[in-house]
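Report on the following structure.
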Amino acid sequence: MAQTSGETAAAGGTVPNPLHAYLNALLKRVQAAQERLHSKQQRPAVTIANGSAWSSTTATLWAGEFSKQAAKYVASVRALNDGVEELLRRTPATCTPEEAARWRAKLGGHGGR
């Protein structure tokens, strides 16, 4: 469990918190996924919406379904981003050396590198 800054200072010395570093790296990956998702959906959505892909009743229905599904994916990844950002805000950037060692063990070497 993360300590408050007062508890960390009282414990004598601080080091970078591996959990904070891991969450930063995770946030960057989620944000990159958001950008890829947006760019991959943008072109088909425009092509379908303007009728240049094909035009028919089926095309119109499919375009509506594509837009709904795209919005669901975007919302899900946005919620993941928001959740990681919240965890990062609550996680101190530094901790005691002992706590850092525990986090490195829990993270299994995934200390944000």
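Numbers for the structure displayed
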{"quantity": "Long-range neighbours under 8 Å by Cβ, at least six apart or interchain, first residue at negative phi within the range 34-52, second in a loop (DSSP other than H, G, I, E, B)", "calculated": "PRO44/ALA53; THR47/ALA53"}
{"quantity": "Scan of the range 32-67 for residues that are of a type in the set (Asp, Glu) and within 23 Å of ASP82 (Cβ to Cβ), ordered by number", "calculated": "GLU35"}
{"quantity": "Residue in the range 103-113 that is farthest from the chain's Cα centre (by Cα), counting only those that are open to solvent by less than 60 Å² (accessible area, probe 1.4 Å) and in contact (Cβ under 8 Å) with a residue 24 or more places away in the chain", "calculated": "TRP103"}
{"quantity": "Test: VAL46 is within 24 Å of the chain's Cα centre (by Cα) and either under 30 Å from THR14 (Cβ atoms) or open to solvent by 50 Å² or more (accessible area, probe 1.4 Å) (or both)", "calculated": "no"}
{"quantity": "Count of residues meeting criterion [assigned to a helix (DSSP H, G or I) and in contact (Cβ under 8 Å) with a residue 60 or more places away in the chain] in the range 58-97", "calculated": "5"}
{"quantity": "In the range 1-43, residue nearest to ALA71 (Cα to Cα) [restricted to those that are modelled with pLDDT under 80, over 24 Å from the mean Cα position of the chain (by Cα) and surrounded by 11 or more Cβ atoms within 10 Å (Cβ to Cβ)]", "calculated": "SER5"}
{"quantity": "Selected residue (only one of ALA53, ALA71, ALA100, ALA79 is open to solvent by 40 Å² or more (accessible area, probe 1.4 Å) and at pLDDT 95 or above)", "calculated": "ALA79"}
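The values are calculated or read from the model by the stated rules, or taken from the named source; none is laboratory data. Keep in mind it's a predicted model, so treat the numbers as computed, not measured. Every residue, glycine among them, receives a Cβ derived from its backbone with ideal geometry; neighbour counts consider all protein chains shown. These area figures cover heavy atoms from the full protein model, side chains too; ligands, DNA and RNA do not enter into them. Shrake-Rupley method; radii C 1.70, N 1.55, O 1.52, S 1.80 Å.
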